[in-house]
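S.K.: Mind having a look at this structure? Questions to follow.
The values are calculated or read from the model by the stated rules, or taken from the named source; none is laboratory data. What you are looking at is a predicted structure, and each value in this text was computed from that prediction instead of being measured. When we count neighbours, we look across all protein chains shown, and the Cβ atoms used for this are built from the backbone with ideal geometry, even at glycine. We work out accessible area using only protein heavy atoms, side chains counted, and drop any ligands, DNA or RNA first. Shrake-Rupley method; radii C 1.70, N 1.55, O 1.52, S 1.80 Å.
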Amino acid sequence: MKITVRIWRQKNADSKGKLVPYELDNVSEHMSFLEMIDVLNERLTLEGEDPVSIDSDCREGICGMCGVVINGEPHGPENTTTCQLHMRTFNDGDVIDVEPWKAAAFPVIKDLVVDRGAFDRIIQSGGYISAPTGSAPEANNLPVPKHDADHAFEAATCIGCGACVAACPNGSAMLFTAAKITHLGLLPQGQAERDSRVLGMVEQMDAEGFGGCTNIGECTAACPKGIPLDVISRLNRDLMGAIARS
Amino acid sequence: MAVSGLVMVGYLLLHMYGNLKVFSGKAAFDEYAHHLRVFGEPMLPENGLLWIVRVALLLAIVVHFHAATRLWARNKRASGAQGGKRYHSNKGRTGIQRSYASFTMRWGGVIILVFIVYHLLHLTANIIAPGGASDSPYQRVVNGFEIWWVTVWYTIALLAVGFHLWHGIWSALTTLGANRSSTRKASKLTPLAWIIAGAITIGFLLPPWAILLGLTG
Amino acid sequence: MTTDFFTLGDDIADTAAPGGPIEQRWDLHKFNLKLVNPANRRKIKVIIVGTGLAGASAAATLGEAGYQVTSFCYQDSPRRAHSIAAQGGINAAKNYRNDGDSIYRLFYDTVKGGDFRSRESNSYRLAQVSVNIIDQCVAQGVPFAREYGGLLDNRSFGGVQVSRTFYARGQTGQQLLIGAYQAFERQVAAGTVEDNTRHEMLDLIMVDGRARGVVVRDMVTGEIETHTADAVVLATGGYGNVYFLSTNAMGCNVTAGWRAHRRGAYFGNPCYTQIHPTCIPVSGDYQSKLTLMSESLRNDGRIWVPKVGGDTRHPSDIPEDERDYYLERIYPSFGNLVPRDIASRAAKYQCDDGKGVGPGGLGVYLDFASAIERLGRDAVEAKYGNLFDMYAQITGEDPYSEPMRIYPAVHYTMGGLWVDYDLQSNLKGLFVTGEANFSDQGANRLGASALMQGLADGYFVLPNTIANYLADSPFEPVPDDHEAVVEARKAVEDRVEKLMSIQGNRTVDSFHKELGNIMWEYCGMERTEEGLTKAIGLIRELKAEFWSNVKIPGTAGEFNQTLERAGRVADFFELGELMCIDALNRAESCGGHFRAESQTEEGEAMRHDDQFAYVSAWEFGGDTPVLHKEHLEYEFIEMKARSYK
Ligand SMILES: Cc1cc2nc3c(=O)[nH]c(=O)nc-3n(C[C@H](O)[C@H](O)[C@H](O)COP(=O)(O)OP(=O)(O)OC[C@H]3O[C@@H](n4cnc5c(N)ncnc54)[C@H](O)[C@@H]3O)c2cc1C
Ligand code: HEM
Ligand code: HEM
Ligand code: SF4
Ligand code: F3S
Ligand code: FES
């Protein structure tokens, strides 16, 4: 296949970026999207140009390190991560636009690489269960109804990639935050800190400069792990309850 | 935000019910307008209920407006100043990036605000009185809507209200924790919002158009 | 012959190892270890490199205990360490199934699975603390699979006969790591752990014979920084990426361990690599990594190749009697469920015979047709649906209607820095945990035991053993202008400058791929004296070319991903060489190391316990490393040959 990629090039956080077109002749449909970029980078390197900076690690759709906006959609047209997107999704002659996540809370580091440290700080503000090592009771002392466990698991599959923020017209981190609130809030172990967790995490989310959620729902559509939208309602219920009690 | 919005939705439902009395003729409508003012007497002073409602509405609108502008500013900052349009790619404009909601909520809200000011001057205070002022609320309404551009203007405003509520009702209920579905499409709240928003728009639009087309007594 | 490549040093022993009844060793040892007064802990600093299961759990635990922890990882968040990719599960001797499991059985399985090349004391301790791991993870909110009654579910994994594997759908590693990561972030919030992401360790700082700090590069600004502490812990994962193609993440590297090795730390058993039989085959030369599919597929899938090589018919057009279900044929009792190394090697032989299928003839079929017929499509979908989807996503083929193609791939490295029972390397104050050390898995690792080891080390072992060392600290502070610090920093700066100054004509990846090919060809599933000798020569040539002809664009003082890769590949050359030398020395077949010269008449692996029942601990020696042997003794489990016929 022959394709043209227009890639966002930006030297560093302070400079202005722009889309730069590159033509690729021998793209195999079996390549992953990132392998296509690898091939381009090999060529740029040999031509003495700066290769495109792009994050990835596991390339299995689980670490959440990769993620770019492809043709205006976070992680591209398929419901998967950027690393699991394959070129067979595209057609010969296509022009593909590639841009980084854009959100005030995710400053660009270089080209397609952004800083998602804000997510870690949201977790620091309550996204955990305080269980010092060694203090745990026997695991089966605490049965968890399978339904709750499955539901908690579903929310826990969030990989922290940030596509939800990139998709949200408000740049809100609500889906990410709500997924964690749901995961921990559904388990009996998570009850003791339920109020302080939601208060702390929401406050941090605001402090990081994420937008407010107005329930648009783009986040769920972009999420490669299909984190369901009702987690947001659950967060709101917890939040109202916590405010009422505090 | 959600609470203030829903207070207003509640008011609109009542208001619409009242407006539909236009179809029962002048007497019924004026009676209803009068009744509003003497409701609860002697426990409440004249206009008591009306004033309670007015204060509540004013409060709601102030809270709503304040929250809306702050949210708007914050979200603009958070999404890198351009909201849904911050990506340069011109592909997939209709895709998941370009949401109707952020557009209709904000500009729709502004249209509604302008409309409410006009509307109050027109039908409550009767300062602007296209078609002639009158002491009878019924007459004011009829006088106004017999003029085509008044009706068109009300229609535009009501479409704005409709869109605002289509998203707003869903959103408010979700914010209050009522959504239990994994996507918006699958949620029971989506049809609910549709029905209420549609009912309000159509319910409000019936009287003006009926008057314009001369269908009322 | 082989000794041309290395010299023989003195034997070594694990002096920290306790004696006595195996069940009591760990408890007695803990009792004998020195403690650190809680008030003193605040003054003691520990550097932990790596935030995988081994690193994050250690940082969280030491932070909670009150030490000042400084953590580093190369990803943009601690949560992305490669532990996240583990699918299958984690073992623990809970015996929730009442199927005869016990700590002793897990111990036995580990030692046997490791083909009698691991230490009994370590393996026993691992089995012992496995029980606490599950408790700890559940308390943190790890959403393990559960039964309808609300209790934890288990499955059997990797061919063992008891169900002792705990799992969270196909994402066990992710859920465990998120649990450890949350505990870690809680300590960051509490101020006991300082978190440095996008920082790569490039050297170890040794002061007066003790590990006292690290040199790191801030990957965003390119700045070289030095950090000092009272002890250094490396939890930097495995080095499978020396093969270029592996199931490891793109960034996995040996740099931290290798730099420590160059500063004097012994490298244990570098040649033991685990090759996993069920990976998605390579599709082209652009391939950047290989994807593992869970081993559980072999429970119902049947593996076959066409009977005659070069058969280009569509698999469904090949009639039953022209197919060779070779595992069922050769190993009638275990069939498709033979251990990983046997299944991998058998696939290689078929492909070497020209019977392989798919691009380049590097693949064999894994067929679910009879399972679908027997169980119905729905049942197969319920069991393996997500794996089938993953396969379809990557290959564009539908495994319900045509057989999957699979091929073995490098998956795990049993070797690593040598450590004693306390997880301390031969360098004082340098501790190594998780996959980065060599310690508990012997010559081969059981499925679902790596996660167990990482968490055992981080939550329960290291926090106790490191205290014994730290009881004498805080040590004399090391100022930034200390000569050792200045020297280490300068060494790193010089090396970076050297790499940037070459500006040759070849890309870093082209070197890495070539190195990977050499390693896979000669130091992969099957090794020979001739091949290994050849490989060492080839690697040396390639290394020389690298240092004169590599091209790295950009500058060192900025975000530069090519430079990051170049540094890692440079270390892989040296490691690859050592792996070949180690493999050459070990003229026996054991676990993940198969020497063609050492097999039975039926082609099975043959150990030589009389000559090789030792750990190879390599001391850095430039072109001629020094071999130290740590002899292994088995008091509790009798050494036996494996047989799966
Ligand atoms: C695909 C796959 C599936 C697996 N499935 C299973 C399974 O089902 N069950 C099982 O038990 N095991 C499984 N394993 C093995 C297991 O996942 C690993 O052995 C284990 O997770 C390693 O953990 P770790 O903490 O030692 O290292 P890792 O998780 O690899 O962490 C390494 C850390 O070190 C950091 N680091 C590395 N180098 C540097 C440097 N130079 N400077 C700074 N930081 C550095 C990294 O940033 C990272 O934080 C699987 C492995 C793979 C690849
Ligand atoms: C004064 C004029 C108004 C303005 C400027 C305004 C503006 C807004 C804005 C900006 C939002 C934020 C939601 C988003 O961006 O998606 C909003 C939400 C909402 N509005 Fe309005 N609006 C106005 C009048 C009204 C009226 C008259 C009603 C009802 C009759 C109403 C009902 C709602 C509801 C229900 C919501 C959803 C609240 C939530 O998401 O929690 N608004 N409005
Ligand atoms: C065709 C549609 C409408 C008609 C015919 C109509 C008619 C009227 C009339 C006749 C009054 C005066 C009642 C009185 O003074 O006794 C009134 C008041 C009012 N209307 Fe409407 N209205 C319409 C739509 C709307 C809409 C869409 C809104 C809000 C978004 C609205 C908000 C109000 C408010 C706030 C008042 C003032 C109530 C008070 O005085 O307390 N109206 N309307
Ligand atoms: S919620 Fe979905 S899109 Fe958002 S960070 Fe998690 S996995 Fe990514
Ligand atoms: S798209 Fe944004 S507005 Fe809320 S529902 Fe999702 S975070
Ligand atoms: S690289 Fe890990 S999710 Fe894509």
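S.K.: It is to be established whether one or more residues within the range B:109-127 are touching a Ser or Thr at 6+ places or on another chain (Cβ under 7 Å), at pLDDT below 85 and assigned to a loop (DSSP other than H, G, I, E, B). Quick ask: steps written out before the conclusion?
M.R.: Pass one, the range B:109-127, residues touching a Ser or Thr at 6+ places or on another chain (Cβ under 7 Å): none.
No - not one qualifying residue is present in the range B:109-127.
S.K.: Looking only at the range A:200-236, count how many residues are facing chain B (nearest Cβ under 7 Å) and surrounded by fewer than 19 Cβ atoms within 10 Å (Cβ to Cβ).
M.R.: Qualifying residue count for the region: 1.
S.K.: Tell me, yes or no, whether the range C:102-110 has at least one residue that is assigned to a loop (DSSP other than H, G, I, E, B), more than 16 Å from ligand 2 (Cβ to nearest atom) and under 29 Å from residue C:638 (Cβ atoms). Working first, answer last.
M.R.: So in the range C:102-110, the residues assigned to a loop (DSSP other than H, G, I, E, B) come out as C:102.
Imposing the further condition that a residue be more than 16 Å from ligand 2 (Cβ to nearest atom) reduces the set to C:102.
Okay, now just the ones that are also under 29 Å from residue C:638 (Cβ atoms), so C:102.
Yes; the residues of the range C:102-110 include at least one that is assigned to a loop (DSSP other than H, G, I, E, B), more than 16 Å from ligand 2 (Cβ to nearest atom) and under 29 Å from residue C:638 (Cβ atoms).
S.K.: Kindly indicate whether any position in the range A:14-24 is facing chain C (nearest Cβ under 8 Å) and free of Cβ contacts under 8 Å to residues at least 60 places away in the same chain.
M.R.: Within the range A:14-24, none of the residues are facing chain C (nearest Cβ under 8 Å) and free of Cβ contacts under 8 Å to residues at least 60 places away in the same chain.
S.K.: Here's another thing I want to ask about it. Answer yes or no: is there a residue in the range A:89-109 that is closer than 30 Å to residue A:212 by Cβ and more than 14 Å from chain B (Cβ to nearest Cβ).
M.R.: Going residue by residue through the range A:89-109, those that are closer than 30 Å to residue A:212 by Cβ are A:97-109.
Adding the requirement that they be more than 14 Å from chain B (Cβ to nearest Cβ) leaves A:109.
Among the residues of the range A:89-109, at least one is closer than 30 Å to residue A:212 by Cβ and more than 14 Å from chain B (Cβ to nearest Cβ), which makes the answer yes.
S.K.: Also, quick follow-up: Within the range C:1-85, which helices (runs of 4 or more DSSP H) (wholly inside it) include 3 or more residues that are among the small types (Gly, Ala, Ser)?
M.R.: It comes to C:53-65.
S.K.: Mind listing whichever residues of the range C:220-249 are touching an Asp or Glu at 6+ places or on another chain (Cβ under 6 Å) and buried (at least 21 other Cβ atoms within 10 Å of the Cβ)?
M.R.: Those that are touching an Asp or Glu at 6+ places or on another chain (Cβ under 6 Å) and buried (at least 21 other Cβ atoms within 10 Å of the Cβ): C:237, C:238, C:249.
S.K.: Also: Looking at this structure, is residue A:148 more than 8 Å from every other protein chain (Cβ to nearest Cβ) and in contact with a Leu (Cβ under 7 Å, 6 or more places away or on another chain)?
M.R.: Working: more than 8 Å from every other protein chain (Cβ to nearest Cβ): yes; in contact with a Leu (Cβ under 7 Å, 6 or more places away or on another chain): yes.
Against the criterion (more than 8 Å from every other protein chain (Cβ to nearest Cβ) and in contact with a Leu (Cβ under 7 Å, 6 or more places away or on another chain)), residue A:148 qualifies.
S.K.: Let me ask something else. Could you please give the count of residues in the range C:441-467 that are part of a helix (DSSP H, G or I) and either open to solvent by 40 Å² or more (accessible area, probe 1.4 Å) or within 30 Å of residue C:594 (Cα to Cα) (or both)? Break it down stepwise before answering.
M.R.: Initial filter on the range C:441-467 (part of a helix (DSSP H, G or I)): C:450-467.
This time we only want the ones that are either open to solvent by 40 Å² or more (accessible area, probe 1.4 Å) or within 30 Å of residue C:594 (Cα to Cα) (or both), so: C:450-457, C:464.
Of the residues in the range C:441-467, 9 are part of a helix (DSSP H, G or I) and either open to solvent by 40 Å² or more (accessible area, probe 1.4 Å) or within 30 Å of residue C:594 (Cα to Cα) (or both).
S.K.: Hey, could you check the range A:43-54 for residues that are at the interface with another protein chain (Cβ under 7 Å from one of its Cβ atoms) and open to solvent by less than 20 Å² (accessible area, probe 1.4 Å) and say which is nearest to ligand 4 (Cβ to nearest atom)?
M.R.: Across the range A:43-54, the extreme among qualifying residues is A:53.
S.K.: Still on this structure, I have one more. Checking the conditions here, which among C:421, C:365, C:391, C:400 is among the aromatic types (Phe, Trp, Tyr), more than 16 Å from ligand 3 (Cβ to nearest atom), open to solvent by less than 10 Å² (accessible area, probe 1.4 Å) and not assigned by TED's automatic domain parsing to the domain that holds residue C:454?
M.R.: Numbers: C:421 fails: not assigned by TED's automatic domain parsing to the domain that holds residue C:454; C:365 fails: open to solvent by less than 10 Å² (accessible area, probe 1.4 Å); C:400 fails: open to solvent by less than 10 Å² (accessible area, probe 1.4 Å).
Within the list C:421, C:365, C:391, C:400, the selection yields C:391.
S.K.: If you don't mind, another one. Give me the helices (runs of 4 or more DSSP H) completely within the range C:317-402, filtered to those with at least 3 residues that are under 27 Å from the mean Cα position of the chain (by Cα) and closer than 21 Å to residue C:527 by Cα, ordered by residue number.
M.R.: Answer list for the range C:317-402: C:340-352.
S.K.: So, in the range C:111-165, how many residues would count as being facing chain A (nearest Cβ under 8 Å) and farther than 28 Å from residue A:135 by Cβ?
M.R.: 1
Yes or no, residue by residue, for (1) surrounded by 22 or more Cβ atoms within 10 Å (Cβ to Cβ); (2) within 15 Å of ligand 4 (Cβ to nearest atom); (3) facing another protein chain (nearest Cβ under 7 Å):
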{"site": "A:128", "(1), (2), (3)": "yes, no, yes"}
{"site": "A:134", "(1), (2), (3)": "no, no, no"}
{"site": "A:143", "(1), (2), (3)": "no, no, yes"}
{"site": "A:161", "(1), (2), (3)": "yes, yes, no"}
{"site": "A:166", "(1), (2), (3)": "yes, yes, no"}
{"site": "A:177", "(1), (2), (3)": "yes, yes, no"}
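S.K.: Give the residues of the range A:179-199 that are of a type outside the set (Lys, Arg), away from ligand 4 (no atom under 14 Å from the Cβ) and away from chain B (no Cβ under 14 Å), sorted by residue number.
M.R.: So the first thing to find is which residues in the range A:179-199 are of a type outside the set (Lys, Arg), and the list is A:179, A:181-193, A:195-196, A:198-199.
In the following step, the residues that additionally are away from ligand 4 (no atom under 14 Å from the Cβ) were identified as A:184-193, A:195-196, A:198-199.
Passing the criteria: A:184, A:187, A:188, A:189, A:190, A:191, A:192, A:193, A:195, A:196, A:199.
S.K.: Being more than 22 Å from residue C:411 (Cα to Cα) and either open to solvent by less than 10 Å² (accessible area, probe 1.4 Å) or free of Cβ contacts under 8 Å to residues at least 24 places away in the same chain (or both) is the filter here, so list the residues in the range C:54-66 that pass it. First the steps, then the outcome.
M.R.: Let us first name the residues in the range C:54-66 that are more than 22 Å from residue C:411 (Cα to Cα), namely C:57-66.
If the condition is that a residue be more than 22 Å from residue C:411 (Cα to Cα) and either open to solvent by less than 10 Å² (accessible area, probe 1.4 Å) or free of Cβ contacts under 8 Å to residues at least 24 places away in the same chain (or both), then C:57, C:58, C:59, C:60, C:62, C:63 are the ones that fit.
S.K.: I need the full set of residues from the range A:193-226 which are out of contact with any strand residue (DSSP E or B) (no Cβ under 8 Å at 6 or more places or on another chain), under 22 Å from residue A:115 (Cα atoms) and within 16 Å of ligand 6 (Cβ to nearest atom), in order please. So that I can check it myself, show each step before the final result.
M.R.: Step one: of the range A:193-226, the residues out of contact with any strand residue (DSSP E or B) (no Cβ under 8 Å at 6 or more places or on another chain) are A:193-221, A:223-226.
Okay, now just the ones that are also under 22 Å from residue A:115 (Cα atoms), so A:200-213, A:218-220, A:223-225.
A:223, A:224, A:225 - these are the residues of the range A:193-226 that are out of contact with any strand residue (DSSP E or B) (no Cβ under 8 Å at 6 or more places or on another chain), under 22 Å from residue A:115 (Cα atoms) and within 16 Å of ligand 6 (Cβ to nearest atom).
S.K.: Here are C:96, C:104: which of them is in contact with a helix residue (DSSP H, G or I) (Cβ under 8 Å, 6 or more places away or on another chain) and within 14 Å of another protein chain (Cβ to nearest Cβ)?
M.R.: Numbers: C:104 fails: within 14 Å of another protein chain (Cβ to nearest Cβ).
Unique residue meeting the criteria: C:96.
S.K.: May I pose another question? For the range C:403-418, give me the residue count where each residue is in contact with a His (Cβ under 7 Å, 6 or more places away or on another chain) and open to solvent by 10 Å² or more (accessible area, probe 1.4 Å).
M.R.: Number of matching residues: 1.
S.K.: Looking only at the range A:56-69, decide whether some residue is aliphatic (A, V, I, L, M) and within 14 Å of chain B (Cβ to nearest Cβ). Give the steps one after another, and end with the answer.
M.R.: Here is the first cut: in the range A:56-69, the ones aliphatic (A, V, I, L, M) are A:62, A:65, A:68-69.
Keeping just the survivors that are within 14 Å of chain B (Cβ to nearest Cβ) gives A:68-69.
Yes - at least one qualifying residue is present in the range A:56-69.
S.K.: In the range C:522-640, which helices (runs of 4 or more DSSP H) lie fully inside it and hold 3 or more residues that are under 25 Å from residue C:258 (Cβ atoms)? Please lay out each step first, then the result.
M.R.: Working: elements: C:529-549, C:561-585, C:609-612.
By residue number, C:529-549, C:561-585.
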